[in-house]
Amino acid sequence: MVRLSNTPAYLVDGKDVIEVKDEKEVQAKLGSRYLAPEEACKNTMAYSILEAHNTSGNMDKLKIRFDKLTSHDITFVGIIQTARASGLEKFPMPYVLTNCHNSLCAVGGTINEDDHVFGLTCAKKYGGVYVPPHQAVIHQFAREMLAGGGKMILGSDSHTRYGALGTMAMGEGGPELVKQLLNKTYDINRPQVVGIYLSGKPIPGVGPQDVALALIKAVFANGYVNNKVLEFVGPGVANLSADFRIGVDVMTTETTCLSSIWRTDSEIKDFYDIHGRSEDYKELNPGDVTYYDSMVYIDLDKVRPMIAMPFHPSNAYTIEEVNKNLKDVLADCEKKALVSLDGQVEYSLMDKIVDGKFYVEQGIIAGCAGGGFENICAAADILDGASIGSDEFTLSVYPASMPIYMELVKNGAAAKIMQTGAVLKTAFCGPCFGAGDTPSNNGFSIRHSTRNFPNREGSKLQNGQIASVALMDARSIAATAANKGFLTAATDIDAKYSNPKYFFDKTIYENRVFDSHGKADPSVEVKFGPNIKDWPAMSALPENMLLKVVSEIHDPVTTTDELIPSGETSSYRSNPIGLAEFALSRKDPAYVGRAKEVRKAQEAIEAGTCPLEAVPEIKPVMEAVNKVFPEAGKGNLGIGSTIFAVKPGDGSAREQAASCQKVLGGWANIANEYATKRYRSNLINWGMLPFITDEDHEKLSFANGDYIFIPQIRKAIEDKLTDIKAYVVKGSDLKEINLKMGELTPDERDIILKGCLINYYRG
């Protein structure tokens, strides 16, 4: 159902593909219509949108200004605080502050609602838009009210994807939004563009999550689309509704692509018409002859209901495969769990086999991926007249916005769902990141949401808890619910799909959402709760650096959830020091203590006292260093910590995955590669060096607890060096190693040199 090409390809007239195995053959086929790759690549939709937003005048080195920004309530406080510290006076573009993550205000006392009040007063003071809790999840509000054909939106959530509506959207860490708020640019090399060629039409019972999981399975592990733009084309696009396209599009984040864009047509025009924004529609199509750096083919006819087993969206199977080979699939998942969970808890799935069938305890249809109108209506049709039963299995459904909720009430879908024993709840992202509906220990949850990383469902590995999440489409979740918790594909249910028309009622937002219409009011006083803290002071990059390795992670991929957990820790994201206490708590609980101990040395340097007295173990280390570098430490040394991880940064855009390390005294990461551009950017924006090592991660020349001395690191950054000599201190000897530094823009170098983005803007 999904095929990857190994070559670039030309798309002709939007339907015919010519793979480039021999450029002369392509010329012969196209004749007078032939365009060289460097010209034909300009005919992608992505190129035209990027060109319209690029301010550099050089399409290879982009400096992008976005049309709009959006953040939710576990990111906007830190972003605005950083921007305020850097001189913010007014939001220079529409900036929407939604409140869909920390909506359960009982968690942590008053601190969640304090953040909401902070957001409202900032929207008033600086000229933004404020969406109160439970009104809409961030991405649904953006679809309904912000997206526009040919526009670009930057969001501080990794699932900022509105490509199906003709909007190129990107999810990045907070500092990238700060740059936009301060009238700076988003600087990247022009990304490659991958064509996603759709053909055929999904069969009844197959939904957008099924298509998305099939795509993720095909491209995640091999990095096929990493940091590239996905461009959805081909005749199959016309066979998908707007909601279906949106459901596939939002999941493209899990492929690790940079962004996405789709061709648009009457279906998308209807979407804008329904939402009262007809003027925001723009027809988008690739040019007559368009060049793609590679091509992915998806035959929609052949996609079948999918399930992404724990603990990653790419760990996907057809539901039919799972049910036919149940013991083998579950055994394989248990084997993978040994790596994901480090053997910290006992983990078994075999007890989920009941009378030869797979029994699950929970179903969730929610958020930006699952909470759409069509998904819930299809689930309601499948559940019509059924009962979810009175055993362990439960079902919760979260419409993605209040307008969707109200239409479900009006058309009767809400009643169909609730009559089964399921619960209908308000718009909330909690089930996606572990702040709601946490299953019981060893429970198994099937969810139409975006991620299923370890502990993301809210269990605490450090407390001996573990539950499992599998990703499925709303239709198969409903089929499973109708079968009282036994895993069932929607294609095995004889359902009559009503496909009701959607009617959008904007009065809900008119009555409740605060919109400044871009007018700032400097007289408004920003309200701070006691948990909202300023960023601590951060030092500039020193001339020489001594790093202690304080954590060593050998998992194939390390997610941002493992670097800084989601769930209840989200309440502390307005408090940099408080949140830092949770860093790596699920992956390496001793990390915080080790990092703090090293931090004492840098604090002593900044206070003008002796770092060797603050951290005595450094004394013999510096004695070894001074034998080769006698001037090191004479007012020219910084001391901090670093972690090693094979491939860190998959998952969320949250900047705190990096900033917590910096708050604890981190100066660098060392990795074999970085899973996403956004995590590497977060490191840089917090003044941390994103080192790369080519060493085999199983045979590193350094280990947890070792010190690494890097002479003249400041000069190396100033001189744009890509190979940097460093020395592992082994007893009284120094062992030379090579660390690599990937390409840095001029601004990124300056940010690192000055110690962080805040320092950079303060001058």
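The values are calculated or read from the model by the stated rules, or taken from the named source; none is laboratory data. Bear in mind the structure is a predicted one, so any value in this text is a computation, not a measurement. Every residue, glycine as well, gets a Cβ built from its backbone with ideal geometry; the counts of neighbours run over all protein chains shown.
Looking only at residues of segment 220-252 that are part of a helix (DSSP H, G or I) and in contact with a strand residue (DSSP E or B) (Cβ under 7 Å, 6 or more places away or on another chain), we find that the one that is surrounded by the fewest Cβ atoms within 10 Å (Cβ to Cβ) is P235. When you go through (1) in a loop (DSSP other than H, G, I, E, B); (2) closer than 20 Å to A136 by Cα; (3) not charged (D, E, K, R) one by one for I388, which number turns out not to apply? Of the numbered conditions (1) in a loop (DSSP other than H, G, I, E, B); (2) closer than 20 Å to A136 by Cα; (3) not charged (D, E, K, R), the odd one out for I388 is (2). Cβ-Cβ contacts under 6 Å between residues 6 or more apart (or on different chains), taken from a first residue in segment 334-347 that is more than 12 Å from P310 (Cβ to Cβ) to a second residue that is small (G, A, S), are listed as V345/G464. Each residue in segment 379-405 was checked for being over 27 Å from the mean Cα position of the chain (by Cα), crowded, with 24+ Cβ neighbours inside 10 Å and within 20 Å of A242 (Cβ to Cβ), and 1 of them qualify. E23 fulfils the conditions (1) touching a Pro at 6+ places or on another chain (Cβ under 9 Å); (2) touching a residue at least 60 places away in the same chain (Cβ under 8 Å); (3) farther than 30 Å from G128 by Cβ except for a single criterion, (2). Highlighted here are the helices (runs of 4 or more DSSP H) found entirely within segment 526-611 that include at least 1 residues which are free of Cβ contacts under 8 Å to residues at least 24 places away in the same chain and crowded, with 17+ Cβ neighbours inside 10 Å: 591-607. Number of residues in segment 9-42 that are on the phi > 0 side of the Ramachandran plot and charged (D, E, K, R) equals 1.
The test for being out of contact with any Asp or Glu (no Cβ under 9 Å at 6 or more places or on another chain), buried (at least 24 other Cβ atoms within 10 Å of the Cβ) and not hydroxyl-bearing (S, T, Y) does not hold for A435.
The rows are residues; the columns are (1) closer than 17 Å to A369 by Cα; (2) among the aromatic types (F, W, Y); (3) out of contact with any Phe, Trp or Tyr (no Cβ under 7 Å at 6 or more places or on another chain).
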position: Y405; (1), (2), (3): yes, yes, yes
position: L424; (1), (2), (3): yes, no, yes
position: G434; (1), (2), (3): yes, no, yes
position: N441; (1), (2), (3): no, no, yes
position: S449; (1), (2), (3): yes, no, yes
position: G458; (1), (2), (3): no, no, yes
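Could you check segment 635-692 and list, in sequence order, the residues that are of a type in the set (S, T, N, Q) and either in a helix (DSSP H, G or I) or closer than 29 Å to H72 by Cβ (or both)? If the condition is that a residue be of a type in the set (S, T, N, Q) and either in a helix (DSSP H, G or I) or closer than 29 Å to H72 by Cβ (or both), then S652, Q656, S659, Q661, N669, T676, S681, N682, N685 are the ones that fit. Pairs linking a residue in segment 262-285 that is more than 26 Å from V194 (Cα to Cα) to a residue that is part of a helix (DSSP H, G or I) and among the acidic types (D, E), with Cβ atoms under 6 Å and 6 or more positions apart or on different chains, are Y272/D280; H275/E144.
Quick grid of which residues meet (1) among the acidic types (D, E); (2) assigned to a strand (DSSP E or B); (3) more than 33 Å from the chain's Cα centre (by Cα); (4) within 28 Å of Q180 (Cα to Cα):
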| position | (1), (2), (3), (4) |
| --- | --- |
| I724 | no, yes, no, no |
| K735 | no, yes, yes, no |
| L739 | no, yes, no, no |
| L744 | no, no, no, yes |
| R749 | no, no, no, yes |
| I752 | no, no, no, yes |
| N759 | no, no, no, yes |
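Looking across segment 159-190, the residues that are in a loop (DSSP other than H, G, I, E, B), over 18 Å from the mean Cα position of the chain (by Cα) and more than 25 Å from Y272 (Cβ to Cβ) come down to L182, N183, K184, T185, R190. Within segment 649-681, the set of residues being closer than 16 Å to T160 by Cβ and crowded, with 24+ Cβ neighbours inside 10 Å comprises G651, S652, A653, R654, E655, T676, R678, Y679, S681.
Looking at Y272, Y291, Y281 in this structure, which one is in contact with a Lys or Arg (Cβ under 8 Å, 6 or more places away or on another chain) and not assigned by TED's automatic domain parsing to the domain that holds A675? After applying the criteria, what remains is Y281. Any chance segment 191-205 includes a residue that's of a type in the set (K, R) and either free of Cβ contacts under 8 Å to residues at least 24 places away in the same chain or within 30 Å of I477 (Cα to Cα) (or both)? Yes: one or more hits. Here K90 meets each of (1) of a type outside the set (A, V, I, L, M, F, W, C); (2) under 21 Å from S158 (Cβ atoms); (3) in contact (Cβ under 8 Å) with a residue 60 or more places away in the chain; (4) touching a Gly at 6+ places or on another chain (Cβ under 8 Å) with one exception, condition (2). Residues considered: N58, N43. Of these, the only one that is farther than 21 Å from P286 by Cβ and either charged (D, E, K, R) or out of contact with any His (no Cβ under 9 Å at 6 or more places or on another chain) (or both) is N58. Of all residues in segment 447-463, those that are over 22 Å from F393 (Cβ atoms) and not assigned by TED's automatic domain parsing to the domain that holds T256 have Cβ atoms under 6 Å from Cβ atoms of residues that are at pLDDT below 90 and acidic (D, E), 6 or more apart or on another chain, in F453/D561.
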